[in-house]
Amino acid sequence: MPIFKTPFNGYAVKFSPFYENRLAVATAQNFGILGNGRVHVLDLTPTPTPTAPISEVCAFDTADAVYDCTWSEDNDNLLVTAIGDGSVKLWDLALPPTSNPIRSLHEHSREVHSVDWNPVRKDSFLTSSWDDTIKLWTVDRPASVRTFKEHAYCVYSSVWNPRHGDVFASASGDCTVRIWDVRDPASTMIIPAHDFEILSCDWNKYDDCIIATASVDKSIKVWDVRNFRIPITVLNGHNYAVRRVKFSPHRESLIVSCSYDMTVCLWDYRVEDALVGRYDHHTEFAVGVDMSVLVEGLFASTGWDELVYVWQHGNDPRAP
Amino acid sequence: MGSESTIPSTVSDAKPQNPESELVKPMEGNGQDPNGETLKETSSKSVFVNSEPIREEQVQNAVKFLSHPKVSGSPVIYRRSFLEKKGLTKEEIDEAFRRVPDTPPTVTSAQPTMKNQDGQLNSSANMHTQTQSPQPAAAAPTAVVSTVATLSKYQFHWSHAFLAVGLLAASGAGSALFVKHAVVPRLKSWIRKVVSEEEEEEGDKKSNSKPSLNEEAAAAAKAAAAAAADVAKVSQEMLNSKSEEKKYFEAFRSLLDVQVEEMRSMCNAIRKLEATRDIALSSNKQTDEHTQTLSWNVRPPSAPASMEPSVTPHPKSYMEMTARVHRGEKPPGIREINDLPPNPNQLLSNPPLAPRVKPWEVVSQAQNNSSYGLQSHTNDEGSNSKEQDSWPTSQLNGYGSEPWWQQKNMRITEIESENEPQTTSNGAFGVTNQQVPQRVWVPPRAPPVAMPEAAAAIRQPKPLIPRGQTSNDQISAGPSDDIDDELQRVTKVSESGGQLEINNESPSLESNEIREQEISNERN
């Protein structure tokens, strides 16, 4: 399985929804404390015996850390990055690097921690920031379309519902998850999901009322929004804060998570013994993980050890 | 809440129904109770909204909380977020705020009020600027006004000055009077006294002049000697004390030096301990503790790393980095990068590829029976994959070697057999690379009918069998005629490539649908 070494500490990976072998990696210098950032676009070389490593298509430098990246759903060359200086930058891979970035949207007053593209409407994206707000943007407008300000602390992640193009969920350091509908002025649901900060959330792709939340309290809880008082299940197994959680695009009940305990874990929340896989290939905090939508069973992860691993389910990520 | 049943017509999905009502179909696919969902739908509320009634107990607890004197001093946003954390819904929180008197209820209303205040401030600021701007325009009258204003200012000034001068004069006069009345007579009496004393002294001095002189001289000499002795003693004592002080000072210095040395040695010991502790920590990564949090991250304490249980061992270089930044040093290697867009109005590159269908969308589309649309999608995807310069996986399929990222280990079948395998395609996983996952059977696109005669020949034997079952000669004659007509129509379709209506049914080159038509014809 190929490995890519980034010069900076990794923060996020994202597979392209257009090309099976393409992914973007968000990295930050000096662990994201203070320094530059870089977003890499990598291609997996197709040789069946991958002695050749992953190749880099291009990379873009930023003045501040890149905390998250996402691909556009309707333009195969458009990449959006969340920057630590509060700006959101758009990059076009078809244009030469001297013409990039094509947009720099600076409205957040603090670090932008996550960005997510709408998979249904395909024309808008959300950014969530440590200034407690979430902003909705479209590519054609220079200013945000809406600002959602209700959280009392940093918003770490906001994720669109995979079936309803107007609904999204946000996870915040104020220990709540909020469900929003862009047509309504205020949030439609507040779920006090954990007693500690919630770092990530994701929707079940096959059951649009199921949400998973990952928190500093080392657990992942799976909720049904129709009955949000009690979680469907609590997934314990990580030894430190869970940084990111994602539902599989191919298997209905499969969840992948990465944590500060340097492992990437697979869960099946419908099963009694939920932990179905564990990969401990990272030697520092595992901070970013993604599952390919186009290729079933393909994972990618990155961490503060400056390595990006791409592997197929069941294989050892470190195997050559 | 939003009117989910009246979705705005700007929704440009390919889905024919409301996004909300689609809940029903996916729910069915997942084994959920469809009736419950339809009930929810008929209540005309989105499923993403609180549908629980207001819990009175929670509201009362909230009212007690809000009525507490300490709580009423805190900002509203903190009160709301506390109640939200406790699990109250928005309606319950609003009800509690309504019940507690004189508290500003909602953030949203606070925001408009803030906005109004901002608006008012802005409008007043605008007013100021507006009043200032016409002033230079209207020169004369406003100048007069301004001079009058300044004059009034000066008059003010003058009155103050007059008052001060008056006070000073009064005080001066009063003091003069006082001096005149009180001080002068005293002076006069004192002068008289002195004069009378002098006269007395003159009388005494004349009688006692000589002997007093000698005595006085002797006494003076003695006094001088005594004074000198005293001075000598005092100076001696001073010298002594100085020397003592010097001694004390030196002793003090030596003690300080000793202390400094001890502190240095302690510092070294601490550093050594830290080093050993880091080594110990790096070897014991998985200690599990449940201590409370301490925020000590540099990136001001919003970084999630800061709010963990403090035991999470951060990388050593991370600690050094945070210490460095704490001290204010800039870490090395940071470049000045200009990452602003060179052309903020840069147009996006064109044309973009058509978006690909997601695996979960395929499931719902198949359930919606929009098979024709799905086929057009797959057709697009097939052409897309050929257009791409990157790896065309569907083409690889025929060559026998798949890209490594699609090969799965044999171990996977074991693992997946433990979990209820959702699909039956696990074994054949790596082989088929259709964009559409295996879960849904998509009717493959039939090739266009190239040889209509062959197609007819294939089809003809089939009607013979049911024909034999029916004993009606007329019916037996009918289908054959229909088949011939249909054959002609099929040839026309294949030649023209267009769409024709066959018996008011949507035309398709699907062989199965043609068979369906045949069956329906046979029934007729």
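The values are calculated or read from the model by the stated rules, or taken from the named source; none is laboratory data. Computed from a prediction, not measured in an experiment: that's the story for all the values here. Ideal geometry is used to build each Cβ from the backbone, glycine not excepted, and the neighbour counts take in all protein chains shown.
So here's what we get for this one:
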{"item": "All positions within region A:223-238 that are without any contact (Cβ under 8 Å) to a residue 24 or more places away in the chain and within 12 Å of chain B (Cβ to nearest Cβ)", "result": "A:224, A:226, A:227, A:229, A:230, A:236"}
{"item": "Tally, over region A:185-214, of residues that are facing another protein chain (nearest Cβ under 7 Å) and among the polar types (S, T, N, Q)", "result": "1"}
{"item": "Some residue of region A:257-269 being under 19 Å from residue A:176 (Cβ atoms), buried (at least 22 other Cβ atoms within 10 Å of the Cβ) and facing chain B (nearest Cβ under 10 Å)", "result": "no"}
{"item": "Unmet requirement for residue A:186, which otherwise passes all of (1) under 23 Å from residue A:289 (Cα atoms); (2) in contact (Cβ under 8 Å) with a residue 24 or more places away in the chain", "result": "(1)"}
{"item": "Residue check for residue B:31: modelled with pLDDT of 80 or more, part of a loop (DSSP other than H, G, I, E, B), out of contact with any strand residue (DSSP E or B) (no Cβ under 6 Å at 6 or more places or on another chain) and within 12 Å of chain A (Cβ to nearest Cβ)", "result": "no"}
{"item": "Evaluation of residue A:244 against (1) of a type outside the set (Gly, Ala, Ser); (2) under 30 Å from residue B:92 (Cβ atoms); (3) in contact with a Gly (Cβ under 7 Å, 6 or more places away or on another chain); (4) in contact (Cβ under 8 Å) with a residue 40 or more places away in the chain (one fails), failing number", "result": "(2)"}
{"item": "Hits in region A:264-292 - residues which are within 18 Å of residue A:212 (Cα to Cα), in contact with a strand residue (DSSP E or B) (Cβ under 9 Å, 6 or more places away or on another chain) and either in a loop (DSSP other than H, G, I, E, B) or aromatic (Phe, Trp, Tyr) (or both)", "result": "A:267, A:269, A:270, A:274"}
{"item": "Matching residues in region A:194-227 - criterion: being more than 27 Å from residue B:361 (Cα to Cα) and in contact with a Cys (Cβ under 7 Å, 6 or more places away or on another chain)", "result": "A:194, A:195, A:196, A:197, A:198"}
{"item": "Sole residue being in contact with a Ser or Thr (Cβ under 6 Å, 6 or more places away or on another chain) and more than 7 Å from chain B (Cβ to nearest Cβ), chosen from A:27, A:70, A:81", "result": "A:27"}
{"item": "Residue in region A:30-52 that is modelled with pLDDT under 90 and more than 10 Å from chain B (Cβ to nearest Cβ) present", "result": "yes"}
{"item": "Candidates A:190, A:211 - the one that is surrounded by 24 or more Cβ atoms within 10 Å (Cβ to Cβ) and within 18 Å of the chain's Cα centre (by Cα)", "result": "A:211"}
{"item": "When residues of region A:1-15 are limited to those that are surrounded by fewer than 23 Cβ atoms within 10 Å (Cβ to Cβ) and outside any strand (DSSP E or B), the one farthest from the other protein chains (Cβ to nearest Cβ)", "result": "A:6"}
{"item": "Region A:142-168: number of residues that are hydrophobic (A, V, I, L, M, F, W, C), under 17 Å from the mean Cα position of the chain (by Cα) and not in a strand (DSSP E or B)", "result": "1"}
{"item": "Check on residue A:139, among the hydrophobic types (A, V, I, L, M, F, W, C), within 12 Å of another protein chain (Cβ to nearest Cβ), over 14 Å from the mean Cα position of the chain (by Cα) and over 18 Å from residue A:214 (Cβ atoms)", "result": "yes"}
{"item": "Count - residues of region A:277-311 that are over 20 Å from residue A:29 (Cβ atoms), under 19 Å from the mean Cα position of the chain (by Cα) and facing another protein chain (nearest Cβ under 9 Å)", "result": "9"}
{"item": "Restricting region B:55-91 to residues that are surrounded by fewer than 17 Cβ atoms within 10 Å (Cβ to Cβ) and part of a loop (DSSP other than H, G, I, E, B), the residue that is farthest from the other protein chains (Cβ to nearest Cβ)", "result": "B:68"}
{"item": "Residue that is farthest from the other protein chains (Cβ to nearest Cβ), among those in region A:169-184 that are within 15 Å of residue A:223 (Cα to Cα) and in a strand (DSSP E or B)", "result": "A:170"}
{"item": "First in region B:332-355 and facing chain A (nearest Cβ under 7 Å), second anywhere and at pLDDT below 80 and assigned to a loop (DSSP other than H, G, I, E, B), Cβ under 9 Å, 6 or more apart", "result": "B:353/B:388"}
